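The values are calculated or read from the model by the stated rules, or taken from the named source; none is laboratory data. None of the values given here were measured: they were computed from a predicted structure. For neighbour counting, all protein chains shown are included, and Cβ atoms are generated from backbone atoms with ideal geometry for every residue, glycine included.
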Amino acid sequence: MAEPRLVQNPWSIAGAWLTTIGAVAFIAYYIAEALDLFASPYAGLLGFVVLPAIFLVGLLLIPLGIWLEGRRRRRGSPAWRWPLIDLGNTTTRRVVLGIAALTIVNLAIIAVAGLGAAHYMETERFCGAVCHEPMRPEFTAHQLAPHANVTCVACHVGPGARGTIRAKMNGTRQLFEVLTGTYDRPIPVPARGLPVAADTCMRCHTPGHSAPDVTRTKYEYADDEPSTESTTTMVLQTGRIHWHARPDVRVEYIATGPKRETIPYVKVTDADGRVTEYFAPDVTARPDGELRRMDCLDCHTRPAHTFSVSAERAVDRAIARGEIDRSVPNTRKELVAALKTEYANESAALEGIRRHLTDVYKTADGSHAPAIAKNIAAAERLYRYNVFPEMKVTWGTYPTNLGHTDLPGCFRCHDEEHKSKDGRAVRQDCEQCHKMQ
């Protein structure tokens, strides 16, 4: 009987099977991806990382097996041959059928477990609760934000294999920092490495469409005994505001500093392709730095993790929503005082808030007791939602560039001082964006 070829060995045969399975699976995945059959961002990790890795391992096993088999024969060992399996034997048939059945069961378990793991990694609980302490502020805020039903991966993981690999590498770094306790407190902003808005925000929001004006009323309350209410109503011209994100307009800028609060250079390419460059005072040429295209996140800096910028603002909004009863004397003043006190931890804060308000109103008319209890509960809730001493997150830690109240926001560019070479300025006309009523 002729001696089998060197390639006929367990390692090379296993490699050939892996290569074939990897190739067929990758082609099937590629077709499914082209037909947009996968919604999960982690599908790219399977299709463009795991399957090619299986294919590559199979290719490497083939020559490795040939080398090992050749070395084994040179040492005098007989050539490897397939074991003889007599299916005519009842016992052999039972063993083969048992192995086949167990293999199918194992593959099913692995498939279900893999799908379950991929699904779990897309949940807010995985992102927010596994790394409990560093992510607790963001996890808490996300549950209360307008985007509460949007999964973390929808915004933090870009499409395709590149986005998935980038997110997993970033996650690996974060896991190391959690295990070693070296993560930043608080988490710095703006977040780096986020996918561009075209791959996240614009899956649900479509810029460029005509948008109706939106009327907003702002409620503020005084620090006097009745917590006197004052209101400001304005009309937001959202169509003009969102001009910056229109697909036929390209607004680019270079910022100095990690928080992008100072912008010395702006480049605008309009719908007709005309380019205009605007320079801050004392800037005569395009500075060095990243030329970033303006998108949703340059203004909506806290779209899914919003915190109140001040205790005053938080109390005002809670009063306007009816969560706080201002029939109690000096409601606004006392709640703000209780919330702005610095506490060592959350437990001490909740106790301190309750003690402060209880002491202030201990001589109050008994008829105010239900309102006082309601206000104490509301103050504790506002603290839990906005202040996290263990992460050094407090009032104003995470302001937003939306508008120009808390940060320069719009006025980073719209300051009448950014001018083109021919003297045109980036205007600061209030009527460009809103109308007062």
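Check region 122-133 and report whether any residue there is hydrophobic (A, V, I, L, M, F, W, C), at pLDDT below 75 and surrounded by fewer than 18 Cβ atoms within 10 Å (Cβ to Cβ).
Yes: region 122-133 contains one or more residues that are hydrophobic (A, V, I, L, M, F, W, C), at pLDDT below 75 and surrounded by fewer than 18 Cβ atoms within 10 Å (Cβ to Cβ).
In a helix (DSSP H, G or I), at pLDDT 75 or above and farther than 24 Å from Gly114 by Cα - does that describe any residue in region 51-59? Within region 51-59 (the criterion being in a helix (DSSP H, G or I), at pLDDT 75 or above and farther than 24 Å from Gly114 by Cα), the answer is yes, since at least one residue qualifies. With respect to Trp67, is the statement that it is over 30 Å from Gly163 (Cβ atoms), in contact with an Asp or Glu (Cβ under 9 Å, 6 or more places away or on another chain) and surrounded by 10 or more Cβ atoms within 10 Å (Cβ to Cβ) true? Criteria not met by Trp67. Of the set (1) within 17 Å of Arg293 (Cβ to Cβ); (2) at pLDDT 80 or above, all apply to Met234 but (1). The one condition from (1) acidic (Asp, Glu); (2) exposed (fewer than 14 other Cβ atoms within 10 Å of the Cβ); (3) within 14 Å of the chain's Cα centre (by Cα) that Glu138 does not meet is (2). For Thr262, the conditions (1) closer than 26 Å to Asp288 by Cα; (2) touching a helix residue (DSSP H, G or I) at 6+ places or on another chain (Cβ under 6 Å); (3) of a type in the set (S, T, N, Q) all hold with the exception of (2).
Pull out all pairs, ordered by first then second residue, where Cβ-Cβ is under 6 Å, the residues are six or more apart or on different chains, the first lies in region 409-430 and is outside the structural domain of Pro264 (by TED's automatic domain parsing) and on the phi < 0 side of the Ramachandran plot, and the second is small (Gly, Ala, Ser) and surrounded by fewer than 11 Cβ atoms within 10 Å (Cβ to Cβ). Close Cβ pairs (under 6 Å, with a partner that is small (Gly, Ala, Ser) and surrounded by fewer than 11 Cβ atoms within 10 Å (Cβ to Cβ)) do not exist here. Pull up region 200-219, narrow it to residues that are buried (at least 16 other Cβ atoms within 10 Å of the Cβ) and part of a loop (DSSP other than H, G, I, E, B), then point me to the one that is modelled with the highest pLDDT. In this case the residue turns out to be Thr200. Only residues that are surrounded by fewer than 16 Cβ atoms within 10 Å (Cβ to Cβ) and either basic (Lys, Arg) or outside any strand (DSSP E or B) (or both) were counted across region 220-242, and they come to 9.
Starting from region 279-303, keep only residues that are crowded, with 18+ Cβ neighbours inside 10 Å, then list their pairs with residues that are assigned to a loop (DSSP other than H, G, I, E, B) and of a type in the set (S, T, N, Q) whose Cβ atoms are within a distance under 7 Å, requiring at least 6 positions of separation or different chains. Pairs found: Asp298/Asn401; Cys299/Asn401; Thr301/Thr400; Thr301/Asn401; Arg302/Thr400. Pairs linking a residue in region 88-115 that is more than 30 Å from Leu46 (Cβ to Cβ) to a residue that is of a type in the set (D, E, K, R), with Cβ atoms under 8 Å and 6 or more positions apart or on different chains, are Thr92/Asp86.
Only one entry of Gly47, Gly22 meets the criterion of being at pLDDT below 80, within 30 Å of Asp199 (Cα to Cα), surrounded by 11 or more Cβ atoms within 10 Å (Cβ to Cβ) and in contact with a helix residue (DSSP H, G or I) (Cβ under 7 Å, 6 or more places away or on another chain), and that entry is Gly47.
With respect to the conditions (1) part of a helix (DSSP H, G or I); (2) touching a helix residue (DSSP H, G or I) at 6+ places or on another chain (Cβ under 6 Å); (3) among the charged types (D, E, K, R), Asp86 falls short on a single one, namely (1). Does Leu107 satisfy the condition of being outside the structural domain of Ala154 (by TED's automatic domain parsing), at pLDDT below 80 and loosely packed, with under 10 Cβ neighbours inside 10 Å? The answer is no for Leu107.
Of the residues Tyr383, Tyr361, Tyr398, the single one that is over 29 Å from the mean Cα position of the chain (by Cα), surrounded by 18 or more Cβ atoms within 10 Å (Cβ to Cβ), within 22 Å of Asp316 (Cβ to Cβ) and not β-branched (Val, Ile, Thr) is Tyr361.
Quick grid of which residues meet (1) out of contact with any Pro (no Cβ under 9 Å at 6 or more places or on another chain); (2) of a type in the set (Gly, Ala, Ser); (3) not assigned by TED's automatic domain parsing to the domain that holds Glu133:
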{"position": "Thr276", "(1), (2), (3)": "yes, no, yes"}
{"position": "Val283", "(1), (2), (3)": "no, no, yes"}
{"position": "Gly289", "(1), (2), (3)": "no, yes, yes"}
{"position": "His300", "(1), (2), (3)": "yes, no, yes"}
{"position": "Ser327", "(1), (2), (3)": "no, yes, yes"}
{"position": "Glu334", "(1), (2), (3)": "yes, no, yes"}
{"position": "Glu351", "(1), (2), (3)": "yes, no, yes"}
{"position": "Pro370", "(1), (2), (3)": "yes, no, yes"}
{"position": "Ala378", "(1), (2), (3)": "yes, yes, yes"}
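Can you find, within region 254-264, the residue that is surrounded by the most Cβ atoms within 10 Å (Cβ to Cβ) among those that are within 22 Å of Cys430 (Cα to Cα) and either not aliphatic (A, V, I, L, M) or not assigned by TED's automatic domain parsing to the domain that holds Phe411 (or both)?
Restricting to residues being within 22 Å of Cys430 (Cα to Cα) and either not aliphatic (A, V, I, L, M) or not assigned by TED's automatic domain parsing to the domain that holds Phe411 (or both), the top hit is Pro264.
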